[in-house]
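What follows is one structure encoded as C-alpha coordinates, with my remarks underneath.
The values are calculated or read from the model by the stated rules, or taken from the named source; none is laboratory data. All values reported here derive from a predicted model rather than from experimental measurement. Virtual Cβ from ideal backbone geometry, glycine too; neighbours counted across all protein chains shown.
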Amino acid sequence: MKKKIFLCLMVIVSLFIITGCSNKENYITDNEHLYDTAVQYIIDNDTNPEKNEDRYKMFIDYNGFGITEDDNYRYAYMWISEESYYVVDNKIISGSGSSMPYKFTFELNDNKVVKYEIPKDGNEYASSIKEMYPDDIENKVINYQWKDDGLIKEVKNYYSDLKDKNIYYYTGDEYIKLDK
(Lines give C-alpha, C1' and ligand atoms only; values in the text may rest on other atoms or scores of the structure.)
Protein backbone atom coordinates (compact mmCIF):
# COMPACT_ATOMS: atom_id res chain seq x y z
CA MET A 1 0.00 0.00 0.00
CA LYS A 2 2.82 2.39 0.88
CA LYS A 3 4.46 1.69 -2.49
CA LYS A 4 1.25 2.61 -4.32
CA ILE A 5 0.91 5.89 -2.40
CA PHE A 6 4.57 6.70 -2.99
CA LEU A 7 4.21 5.87 -6.69
CA CYS A 8 1.09 8.06 -7.01
CA LEU A 9 2.85 10.95 -5.30
CA MET A 10 5.83 10.59 -7.62
CA VAL A 11 3.55 10.64 -10.66
CA ILE A 12 1.75 13.77 -9.40
CA VAL A 13 5.02 15.56 -8.61
CA SER A 14 6.41 14.57 -12.00
CA LEU A 15 3.31 15.94 -13.74
CA PHE A 16 3.67 19.24 -11.88
CA ILE A 17 7.30 19.48 -12.91
CA ILE A 18 6.63 18.57 -16.54
CA THR A 19 3.55 20.76 -17.05
CA GLY A 20 4.65 23.57 -14.79
CA CYS A 21 2.42 24.25 -11.84
CA SER A 22 3.67 27.82 -11.50
CA ASN A 23 2.27 31.03 -12.93
CA LYS A 24 4.92 30.98 -15.66
CA GLU A 25 4.84 33.47 -18.51
CA ASN A 26 4.69 32.18 -22.08
CA TYR A 27 5.49 34.16 -25.21
CA ILE A 28 2.47 34.86 -27.39
CA THR A 29 2.01 36.13 -30.92
CA ASP A 30 -0.82 37.97 -32.67
CA ASN A 31 -0.90 40.55 -29.87
CA GLU A 32 1.39 43.18 -31.36
CA HIS A 33 -1.49 45.66 -30.99
CA LEU A 34 -0.53 45.76 -27.30
CA TYR A 35 2.56 47.77 -28.27
CA ASP A 36 0.30 50.40 -29.83
CA THR A 37 -1.97 50.30 -26.78
CA ALA A 38 1.06 50.96 -24.56
CA VAL A 39 2.15 53.90 -26.73
CA GLN A 40 -1.36 55.35 -26.61
CA TYR A 41 -1.34 54.97 -22.83
CA ILE A 42 1.84 57.09 -22.65
CA ILE A 43 0.28 59.74 -24.91
CA ASP A 44 -3.00 59.78 -22.95
CA ASN A 45 -1.14 60.21 -19.65
CA ASP A 46 1.24 62.92 -20.87
CA THR A 47 2.11 65.32 -18.05
CA ASN A 48 4.89 67.28 -19.76
CA PRO A 49 5.06 70.88 -18.52
CA GLU A 50 5.10 72.28 -22.08
CA LYS A 51 1.87 70.47 -23.01
CA ASN A 52 -0.02 73.78 -23.25
CA GLU A 53 2.51 75.39 -25.58
CA ASP A 54 1.60 76.31 -29.17
CA ARG A 55 1.39 73.27 -31.49
CA TYR A 56 2.66 70.91 -28.82
CA LYS A 57 3.01 67.28 -29.85
CA MET A 58 4.59 64.20 -28.29
CA PHE A 59 6.35 61.90 -30.74
CA ILE A 60 6.91 58.27 -29.81
CA ASP A 61 8.77 55.40 -31.39
CA TYR A 62 9.44 52.00 -29.89
CA ASN A 63 11.10 48.64 -30.23
CA GLY A 64 9.16 45.63 -28.99
CA PHE A 65 11.14 42.85 -27.32
CA GLY A 66 8.26 40.43 -26.84
CA ILE A 67 4.85 39.85 -25.32
CA THR A 68 4.12 37.20 -22.73
CA GLU A 69 1.13 36.10 -20.71
CA ASP A 70 0.48 34.11 -17.60
CA ASP A 71 -2.78 33.02 -16.00
CA ASN A 72 -3.70 36.58 -15.02
CA TYR A 73 -2.02 39.18 -17.25
CA ARG A 74 -0.26 39.97 -20.52
CA TYR A 75 3.09 41.76 -20.49
CA ALA A 76 4.66 43.86 -23.24
CA TYR A 77 8.41 44.45 -23.05
CA MET A 78 9.48 47.54 -24.96
CA TRP A 79 12.01 50.27 -25.45
CA ILE A 80 10.17 53.57 -25.84
CA SER A 81 11.67 56.79 -27.06
CA GLU A 82 9.45 59.83 -26.61
CA GLU A 83 10.18 63.45 -27.36
CA SER A 84 7.93 66.47 -27.23
CA TYR A 85 8.09 69.55 -29.41
CA TYR A 86 6.24 72.82 -29.73
CA VAL A 87 6.54 76.10 -31.64
CA VAL A 88 7.78 79.52 -30.49
CA ASP A 89 8.30 82.37 -32.97
CA ASN A 90 7.85 79.91 -35.87
CA LYS A 91 10.72 77.77 -34.59
CA ILE A 92 10.56 74.09 -33.60
CA ILE A 93 11.43 73.85 -29.91
CA SER A 94 12.60 70.61 -28.30
CA GLY A 95 10.77 69.92 -25.05
CA SER A 96 10.92 66.96 -22.70
CA GLY A 97 11.92 63.47 -23.70
CA SER A 98 13.14 60.10 -22.59
CA SER A 99 14.39 56.86 -24.04
CA MET A 100 14.19 53.80 -21.82
CA PRO A 101 12.83 50.30 -21.35
CA TYR A 102 9.29 49.69 -20.15
CA LYS A 103 7.29 46.72 -18.98
CA PHE A 104 3.54 47.12 -19.45
CA THR A 105 1.04 44.92 -17.64
CA PHE A 106 -2.36 44.42 -19.32
CA GLU A 107 -5.58 42.87 -18.10
CA LEU A 108 -5.94 39.48 -19.73
CA ASN A 109 -9.50 39.87 -21.00
CA ASP A 110 -9.73 43.45 -22.29
CA ASN A 111 -6.05 44.39 -22.82
CA LYS A 112 -6.37 47.46 -20.60
CA VAL A 113 -3.10 48.79 -19.13
CA VAL A 114 -2.96 47.95 -15.44
CA LYS A 115 0.47 49.47 -14.82
CA TYR A 116 3.86 50.03 -16.31
CA GLU A 117 7.35 49.74 -14.86
CA ILE A 118 10.60 51.45 -15.73
CA PRO A 119 14.02 50.50 -14.41
CA LYS A 120 15.67 52.12 -11.43
CA ASP A 121 18.52 54.57 -11.92
CA GLY A 122 22.23 54.28 -11.30
CA ASN A 123 23.68 51.18 -9.66
CA GLU A 124 20.28 49.49 -9.55
CA TYR A 125 19.60 49.81 -13.30
CA ALA A 126 20.87 46.38 -14.42
CA SER A 127 19.41 44.50 -11.45
CA SER A 128 16.01 46.14 -11.95
CA ILE A 129 16.07 45.15 -15.65
CA LYS A 130 16.75 41.57 -14.58
CA GLU A 131 13.73 41.71 -12.27
CA MET A 132 11.44 43.25 -14.93
CA TYR A 133 12.35 41.21 -18.01
CA PRO A 134 12.42 37.50 -18.88
CA ASP A 135 15.92 35.97 -18.80
CA ASP A 136 16.12 35.53 -22.57
CA ILE A 137 15.75 39.25 -23.34
CA GLU A 138 17.22 41.05 -20.32
CA ASN A 139 20.71 41.32 -21.88
CA LYS A 140 19.25 42.68 -25.12
CA VAL A 141 17.56 45.40 -23.11
CA ILE A 142 20.63 46.21 -21.00
CA ASN A 143 22.80 46.57 -24.12
CA TYR A 144 20.19 48.23 -26.35
CA GLN A 145 21.13 51.50 -28.07
CA TRP A 146 18.36 53.63 -29.52
CA LYS A 147 18.73 55.57 -32.77
CA ASP A 148 16.22 58.41 -33.07
CA ASP A 149 16.56 59.19 -36.79
CA GLY A 150 12.96 58.17 -37.45
CA LEU A 151 11.56 60.50 -34.81
CA ILE A 152 13.41 63.53 -36.14
CA LYS A 153 12.07 62.88 -39.65
CA GLU A 154 8.57 62.59 -38.22
CA VAL A 155 9.00 65.86 -36.29
CA LYS A 156 10.23 67.77 -39.33
CA ASN A 157 7.42 66.33 -41.43
CA TYR A 158 4.82 67.31 -38.81
CA TYR A 159 6.10 70.90 -38.75
CA SER A 160 6.67 71.01 -42.52
CA ASP A 161 4.69 74.24 -42.85
CA LEU A 162 7.38 76.14 -40.94
CA LYS A 163 10.07 77.84 -42.98
CA ASP A 164 12.84 77.04 -40.47
CA LYS A 165 13.19 73.25 -40.15
CA ASN A 166 15.97 73.42 -37.53
CA ILE A 167 15.25 72.28 -34.00
CA TYR A 168 16.05 74.55 -31.08
CA TYR A 169 16.31 74.57 -27.34
CA TYR A 170 14.61 77.69 -25.99
CA THR A 171 15.96 79.22 -22.77
CA GLY A 172 13.19 81.80 -22.56
CA ASP A 173 15.59 84.47 -23.79
CA GLU A 174 17.45 82.85 -26.64
CA TYR A 175 17.26 79.99 -29.14
CA ILE A 176 20.06 77.45 -29.20
CA LYS A 177 20.18 75.39 -32.40
CA LEU A 178 20.42 71.65 -31.73
CA ASP A 179 22.24 69.15 -33.88
CA LYS A 180 19.17 67.14 -34.89
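Report yes if some residue within segment 98-113 is closer than 18 Å to ILE167 by Cα and surrounded by fewer than 18 Cβ atoms within 10 Å (Cβ to Cβ); otherwise report no.
Yes: segment 98-113 contains one or more residues that are closer than 18 Å to ILE167 by Cα and surrounded by fewer than 18 Cβ atoms within 10 Å (Cβ to Cβ).
Within segment 48-62, can you find the residues that are surrounded by fewer than 16 Cβ atoms within 10 Å (Cβ to Cβ) and either part of a strand (DSSP E or B) or acidic (Asp, Glu) (or both)?
ASP54
Working carefully through the options ILE118, ILE93, ILE80, ILE129, find the one that is surrounded by 16 or more Cβ atoms within 10 Å (Cβ to Cβ) and either at pLDDT below 95 or over 30 Å from LYS177 (Cβ atoms) (or both).
One residue alone meets the criteria, ILE129.
Can you tell me which residues in segment 123-168 are more than 24 Å from the chain's Cα centre (by Cα) and aliphatic (A, V, I, L, M)?
Hits for segment 123-168 are LEU162, ILE167.
Could you check TYR144 against (1) part of a loop (DSSP other than H, G, I, E, B); (2) surrounded by 16 or more Cβ atoms within 10 Å (Cβ to Cβ); (3) in contact (Cβ under 8 Å) with a residue 60 or more places away in the chain and say which number it fails?
For TYR144, the exception is condition (2).
Have a look at GLU53, GLU82 and point out the one that is within 22 Å of TYR159 (Cα to Cα) and within 16 Å of the chain's Cα centre (by Cα).
Checking each option against the conditions leaves just GLU82.
Within segment 89-106, can you find the residues that are under 17 Å from ILE152 (Cα atoms) and hydroxyl-bearing (Ser, Thr, Tyr)?
SER94, SER96, SER98, SER99
Restricting to segment 63-77, give me the number of residues that are surrounded by fewer than 17 Cβ atoms within 10 Å (Cβ to Cβ) and closer than 24 Å to LYS147 by Cβ.
2
Looking at this structure, is VAL155 in contact (Cβ under 8 Å) with a residue 12 or more places away in the chain, outside any loop (DSSP other than H, G, I, E, B) and surrounded by fewer than 18 Cβ atoms within 10 Å (Cβ to Cβ)?
Answer is no for this residue.
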